[in-house]
1. At D:Glu238, with labels set 7 Å past Cα in the Cβ direction, how many nm apart are the copies from this one, shortest first?
2. Using only Cα atoms, what is the ratio of the radius of gyration of the range B:180-247 to 2.2 N^0.38 Å?
3. Roughly what percent of Cα-Cα pairs across the range B:60-246 reach past 25 Å?
4. Find out how many positive minus negative residues lie around C:Val199, taking Lys and Arg as positive, Asp and Glu as negative, among other residues whose Cβ is under 11 Å from that of C:Val199.
5. For D:Gln69, which sequence-distant residues (separation of 5 or more, or a different chain) have an amide H within less than 5 Å of its own amide H, given hydrogens modelled in the peptide plane?
6. List the pair-distance distribution P(r) of the range C:111-214, using every Cα-Cα distance, as the percent of pairs falling in each 10 Å bin from 0 up to the bin containing the longest distance, rounded to whole percents.
7. Which ³J(HN,Hα) values in Hz, rounded to whole numbers, follow from the phi angles of the range D:93-102 under the Karplus curve 6.51 cos²θ - 1.76 cosθ + 1.60, where θ = phi - 60° and Gly and Pro get x?
8. Please list, in chain and number order, the residues 5+ apart from D:Glu113 or on another chain whose amide H is under 5 Å from its amide H, with Hs placed from the backbone.
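The values are calculated or read from the model by the stated rules, or taken from the named source; none is laboratory data. Quick caveat: nothing in here was measured; it's all calculated off a predicted structure. So basically every Cβ, Gly included, is an ideal-geometry build from the backbone, and we count neighbours across all protein chains shown. Please note that ligands, DNA and RNA were not included when accessible areas were found on the heavy atoms of the full protein model with its side chains. Shrake-Rupley method; radii C 1.70, N 1.55, O 1.52, S 1.80 Å.
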4 protein chains.
Amino acid sequence: MTSHLALMSCLLVLLLSLDKFLLHYLKKRWLSGGSIIPRISSAPSKSRRSMAAASAKWSETAMLVIDMQKDFVDPAMGSSGLLAPGEAIVPAVAEAVAVARQRGIFIIWVVREHDPYGRDVELFRRHFYSSGKLGPAVKGSEGADMADGLIVEEGDYKLVKTRFSAFFATHLDSVLKTSGIKNLVIVGVQIPNCVRQTVYDAVALDYEKVTVITDATAAATPEIHSSNIRDMKNIGVETPTLEEWRL
Amino acid sequence: MTSHLALMSCLLVLLLSLDKFLLHYLKKRWLSGGSIIPRISSAPSKSRRSMAAASAKWSETAMLVIDMQKDFVDPAMGSSGLLAPGEAIVPAVAEAVAVARQRGIFIIWVVREHDPYGRDVELFRRHFYSSGKLGPAVKGSEGADMADGLIVEEGDYKLVKTRFSAFFATHLDSVLKTSGIKNLVIVGVQIPNCVRQTVYDAVALDYEKVTVITDATAAATPEIHSSNIRDMKNIGVETPTLEEWRL
Amino acid sequence: MTSHLALMSCLLVLLLSLDKFLLHYLKKRWLSGGSIIPRISSAPSKSRRSMAAASAKWSETAMLVIDMQKDFVDPAMGSSGLLAPGEAIVPAVAEAVAVARQRGIFIIWVVREHDPYGRDVELFRRHFYSSGKLGPAVKGSEGADMADGLIVEEGDYKLVKTRFSAFFATHLDSVLKTSGIKNLVIVGVQIPNCVRQTVYDAVALDYEKVTVITDATAAATPEIHSSNIRDMKNIGVETPTLEEWRL
Amino acid sequence: MTSHLALMSCLLVLLLSLDKFLLHYLKKRWLSGGSIIPRISSAPSKSRRSMAAASAKWSETAMLVIDMQKDFVDPAMGSSGLLAPGEAIVPAVAEAVAVARQRGIFIIWVVREHDPYGRDVELFRRHFYSSGKLGPAVKGSEGADMADGLIVEEGDYKLVKTRFSAFFATHLDSVLKTSGIKNLVIVGVQIPNCVRQTVYDAVALDYEKVTVITDATAAATPEIHSSNIRDMKNIGVETPTLEEWRL
């Protein structure tokens with residue numbers, strides 16, 4: 001009799017300790033046609049269990065890698081679009097992507113790809129594309145490729161944009177929302193324009209958690225970098241270093 | 001010992017019988033700061049339980065009532081915007097709204113409210129607003145009010161649009177998505193323009209289920225009505241009568 | 001006396017022959033502070049003058065060719081996305097494009113290009129892309145190519161969309177407006193979905209003249225075609241045949 | 001004598017045969033305050049000419065006054081949305097508006113007006129509206145009114161937004177573009193969020209000239225103000241003081 005009560009208590013505690021995540025996870029498993037029973041009954045080893053937990057934890061997160069294209073970060077291209085400090089963050093971006101892959105985070109490579117005539121570029125940049133000049137990130141040109149060391153893999157998604165924000169006049173929000181993404185982690189160049197505009201639009205579009213990895217982003221000067229990080233923090237954006245984020 | 005097994009089995013059955021809805025509901029309660037314990041421990045009567053199930057069922061649905069304003073459906077206004085067959089559906093729209101209220105469905109009154117100078121109206125309609133004429137649904141005019149018999153209540157939401165689709169250049173998708181709405185039920189005028197454009201945009205925005213109540217919508221002629229219902233059915237829209245929908 | 005009449009006749013003929021375009025052109029010159037006189041006084045030869053008039057007349061017009069891709073109009077592909085009557089209009093579309101080229105009209109090839117996993121396709125179509133099936137118009141697949149007989153040329157623009165409307169979550173409006181485009185001519189498939197949604201969005205976006213070439217568009221049945229043409233006419237869209245348009 | 005009558009008839013016919021375009025042209029000239037006749041025949045005096053030039057110069061400019069509502073700039077409201085340094089710029093904003101009026105610039109009052117339940121507010125701000133608290137700028141509340149000293153006049157336009165940028169999910173771009181606006185002058189609060197996001201979106205939407213009047217805008221600290229002005233300058237935005245702008 002007392003054993004019944006003990007058992008009841010245990011089960012109650014167990015139920016109450018199910019956090020929202022587990023509930024969400026259970027729901028998903030169930031709906032997707034899978035059965036929850038094998039998972040429970042098969043008693044996965046600790047390592048497999050924590051892997052499952054990890055991927056569940058990150059299944060609602062996407063990483064946006066912004067504008068890490070040769071014309072913007074590789075001085076060898078000699079492009080008018082170069083952001084000189086961009087080159088230095090390529091390894092950090094590559095590492096952030098590697099961590100994201102390990103966690104099962106959905107990786108989206110956001111790139112500019114422009115018309116050779118510049119008909120889809122901001123008015124104030126069109127002179128870079130006029131009369132035969134090769135402007136930055138022309139579709140099909142080498143400068144539009146990802147910087148050396150950054151590899152788009154099977155299962156990643158590549159999204160083309162033509163303005164600062166990755167959400168401006170693109171279907172990014174549609175891809176993310178229908179993939180169940182609620183949280184974003186953002187890396188790339190450059191902080192005051194494409195990164196920040198993407199971040200602010202993400203907040204306006206009600207992503208629950210928006211994270212910018214400070215040392216996997218770049219700006220023309222340290223002051224521009226820090227002042228923009230400050231403003232983003234002020235609207236609730238998280239701004240860890242790569243080391244802090246990978247913990 | 002066998003009693004332990006019996007108890008275990010009962011609990012297992014119980015857990016497995018929790019449908020996705022209840023889980024979702026539990027999660028919501030939990031997160032919203034409410035306590036789950038009284039609900040579980042208080043053993044609600046069957047009727048209260050099914051009411052809870054009902055409101056859970058409809059908590060992801062919103063009703064959009066489109067353009068049911070005097071200038072569009074009340075001949076007494078003498079507006080150039082009148083759709084003659086609109087008046088006849090006012091009772092059906094009122095009844096659909098009443099059913100929606102009973103079910104706890106989120107009700108959104110989508111209205112046009114235009115500048116007296118017509119600066120926010122479609123180009124092809126601007127002549128209705130020129131040189132002192134009072135165009136349809138001018139903000140603050142009687143013609144912009146809801147038709148007699150339709151009442152915006154506390155807790156409803158009123159959304160102003162300036163084009164056919166309720167989603168065009170408005171924050172409707174934001175209000176709906178952040179309210180957890182996945183399904184839409186649509187009533188109002190007129191089928192080929194404002195209703196259909198809203199429906200098609202809803203499909204493009206990936207609402208899971210889009211329903212148009214056929215006899216709570218109107219068009220200039222029966223042929224226009226039926227041909228548009230046909231096209232919407234062809235992209236997966238549900239098109240019940242009010243009687244069918246209220247079952 | 002007769003000289004008065006002769007003068008009158010001349011002036012009458014001259015005025016009546018001014019088409020709206022020339023008027024528009026005059027207006028612009030005038031308002032922009034430039035002088036019209038040098039242009040008139042330099043007396044270009046007749047042929048040059050009419051060429052200039054022609055290209056001026058059409059410089060504010062773009063042609064949108066919608067979804068004329070193999071998976072949608074070529075039965076040989078065996079795609080689930082095929083619209084059977086699409087194949088028959090390929091020659092008319094090719095001819096419309098040829099006329100547009102001759103007139104100097106900006107040609108925009110609007111295409112769907114989808115993720116192999118269908119992550120950017122409408123929810124109600126995602127089953128076509130699940131578990132290894134090759135859905136319609138997958139980026140890089142043959143089915144996403146233009147139908148045989150339709151050639152994208154240097155100077156044309158290719159715009160990728162992921163929903164019905166060519167304007168939905170794309171930068172099409174930006175490309176058009178910054179290219180000075182005010183009028184649209186639309187051909188392609190299929191009338192009730194991608195063509196009509198593009199047309200209605202074009203009206204909502206205040207393009208001054210929107211034209212659908214009736215026999216260079218297709219629908220599943222003649223009734224679907226004619227009922228949609230009727231609805232578009234009712235909001236001011238022009239609906240000539242190819243023969244009428246090429247006059 | 002008969003020749004006079006003949007001439008008269010001819011002219012009458014001629015006038016009646018003027019197509020809608022010429023009429024449109026005449027109407028525009030007329031409505032915009034200028035008469036077509038004086039311009040052609042009367043050789044206006046220098047002062048009238050420069051006034052006409054001035055209004056022509058500014059007819060393509062609009063002023064956006066952003067969020068100058070009591071809850072955001074008037075400490076007396078005690079709102080959680082207060083930006084303390086906002087109050088100090090009210091006189092400068094009023095003066096900027098007065099200058100704009102004198103120049104015939106189209107004035108647009110951009111305001112937040114929120115649902116009392118906060119269903120249309122950013123997720124990260126919703127706690128301000130929960131359980132009976134009156135959040136900032138609730139529609140119909142005193143806090144949503146313009147600050148004392150700022151008057152919306154007949155002919156101005158009031159635009160409601162629910163996010164930082166005045167362009168986000170609103171019809172502002174539509175109103176501006178169809179009113180022939182190409183240049184924007186922006187005043188109000190606060191620089192890093194609503195002002196900057198509106199400015200960046202204006203650049204993305206290809207307004208030709210975007211101007212921020214530095215001392216008719218405010219931020220929480222001088223550093224936040226200056227760093228954001230710096231970033232905006234870097235993408236081509238003009239940043240005069242009110243004195244410089246009024247010259």
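1. Result, one decimal in nm: 3.8, 4.4, 5.7.
2. 1.02
3. Summing the P(r) tail past 25 Å for the range B:60-246 gives 29 percent.
4. -1
5. Residues meeting the criterion, in which the H sits 1.01 Å from N, are D:Ala147.
6. With 10 Å bins starting at 0, P(r) equals 13, 42, 34, 10, 1.
7. Karplus values, whole Hz, x for Gly and Pro: 5, 4, 5, 4, 5, 4, 4, 4, 4, 4.
8. Here D:Lys161 satisfy the definition.
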